1. Which order do the peptides 124-130, 147-153 come out in when sorted by mean C-beta neighbours inside 10 angstrom, highest first?
2. Please go through the residue pairs Lys153/Lys224; Lys153/Lys181; Lys153/Lys182; Lys111/Lys182 and name each one whose alpha carbons sit more than 23 Å apart in this structure.
3. Just checking my list (1) 20.2; (2) 21.2; (3) 23.3 against Kirkwood radius over Cα pairs in Å computed from this structure; which label fits?
4. For the chain, set up a Gaussian network in which alpha carbons nearer than 10 Å are linked by springs, and say which option among Phe13, Phe229, Phe22 fluctuates the most.
5. Could you check which residue among Glu334, Glu133, Glu109 shows the biggest mean-square fluctuation in a GNM of the chain with a 10 Å Cα cutoff?
6. Hey, which aspartates and glutamates would be in cross-link range of Lys20, C-alpha to C-alpha under 12 Å, not counting anything within fewer than 8 residues on its own chain?
7. State the antiparallel share, in %, of DSSP beta bridges confined to the chain, rounding to the nearest 5.
8. Between the stretch 182-246 and the stretch 291-355, what is the C-alpha centre distance in whole Å?
Amino acid sequence: MSTVQLKNLSKTFLNVEALKQFSLEIQTGELFTLLGPSGCGKTTLLRTIAGFNRQDSGTINIDNVGIDNLPAYRRDIGMVFQDYAIFPHMSVGENIAFGLRNRRVTRHELKRRVAEALDTVQLSGLDKRMPNELSGGQQQRVGLARALVIQPKILLMDEPLSNLDAKLRIELREDIRNIQKKLGTTTIYVTHDQEEALVISDRLCIMRSGQMVQVGTPWEIYKKPVDHFVASFVGNMNFLPWPFAGLEHQDLNVNEMIKRSPSSDFNGNNSKNLLVGIRPEDVVIYNNSSNVEGHVLHLSGIVENISFSGREAQYHVKLIDGSLLNVNVTRPVERFLDEIGKTVILGLPHNSIFFFNSTSGLRY
């Protein structure tokens with residue numbers, strides 16, 4: 001188990017800054033995820049740590065020891081790729097043993113460690129199979145076993161589940177999480193899938209344009225986004241300018257609520273630049289305004305559409321100014337699915353509302 005220290009990493013490709021003075025420390029035994037939109041630099045960062053790319057400036061340390069001048073094969077790093085990258089002409093056992101043979105371990109040790117790796121990824125007894133006899137999920141498990149069998153200091157995983165179907169992705173991400181916790185290997189995981197990142201990570205880093213926007217636990221990232229970008233990228237968020245049309249009671253004391261937040265740059269004068277945000281699952285639908293509880297901002301709108309996905313329904317409600325507010329209703333009753341065109345009362349609980357500066361995007 002090892003720590004990783006990245007300091008001021010920069011990398012440019014054809015005048016495009018893929019990494020900009022990027023600094024980060026990953027703790028021993030963490031499953032740490034890099035999350036962001038395509039082109040944000042997360043794969044470039046991973047490949048630079050692995051030694052496949054060479055940074056233009058900055059340093060990479062493992063356990064406070066610099067590895068910048070080491071070639072990839074000497075960095076003691078295991079890597080799992082998006083496209084499996086297993087050798088088609090080798091059996092499962094031979095694929096897993098490949099890295100060990102390069103390290104010249106004894107035949108007895110090689111056999112023992114391959115058997116342990118197969119058991120760890122739930123492929124015991126399949127060592128003689130060829131890759132074309134395996135499912136996509138099994139092939140990815142072979143890739144994971146091959147990376148783990150060398151007992152690396154650091155494990156890197158570059159979107160390892162993106163080629164699998166939805167059900168298999170859920171199954172395998174849980175297995176990866178369990179295996180990582182069992183072995184305690186410090187792991188850096190790259191994905192653009194928000195739900196996958198939240199489920200699998202101890203901590204995660206939200207990236208944009210080669211830079212770090214926010215680092216935190218899944219709870220912190222989802223519940224305490226630092227700005228408009230994080231709030232909109234991780235999960236869904238409704239955004240409305242304040243004050244907005246359709247309010248039945250303008251009883252939200254913005255000044256008092258924002259004073260409780262850590263930001264100190266808000267005063268009543270800049271409320272003109274205020275943007276209100278609320279998650280769809282935090283909006284409540286009421287039959288009439290008399291049922292609305294205290295400390296709830298409420299407004300009315302017309303149900304324009306309803307999307308039913310089994311465990312929940314998403315209402316698309318059109319407000320008086322023409323803007324849409326999305327509302328997630330878990331375990332909906334069947335009669336609720338026939339409300340298109342009807343007027344509903346929406347409740348926005350005060351303690352679920354976020355405030356953002358509409359100019360800078362920062363959260364108050």
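Since every read-out is calculated from the coordinates, none of them should be taken as a lab result. Fair warning: this is a prediction, and the values are worked out from it, not measured in the lab. Backbone-built Cβ (ideal geometry, glycine too); neighbour counts: all protein chains shown.
1. Numbers: 124-130: 13.7, 147-153: 20.6.
So the order, starting with the most tightly packed, is 147-153, 124-130.
2. On the way: Lys153/Lys224 32 Å; Lys153/Lys181 14 Å; Lys153/Lys182 15 Å; Lys111/Lys182 21 Å.
From Lys153/Lys224; Lys153/Lys181; Lys153/Lys182; Lys111/Lys182, over 23 Å: Lys153/Lys224.
3. (3)
4. In the Gaussian network model the winner is Phe13.
5. With Cα springs under 10 Å in the chain, the top fluctuation among Glu334, Glu133, Glu109 is at Glu334.
6. Asp56
7. Details: 53 of 71 bridges.
DSSP beta bridges in the chain are roughly 75 percent antiparallel.
8. Using only Cα atoms, the two centres lie 24 Å from each other.
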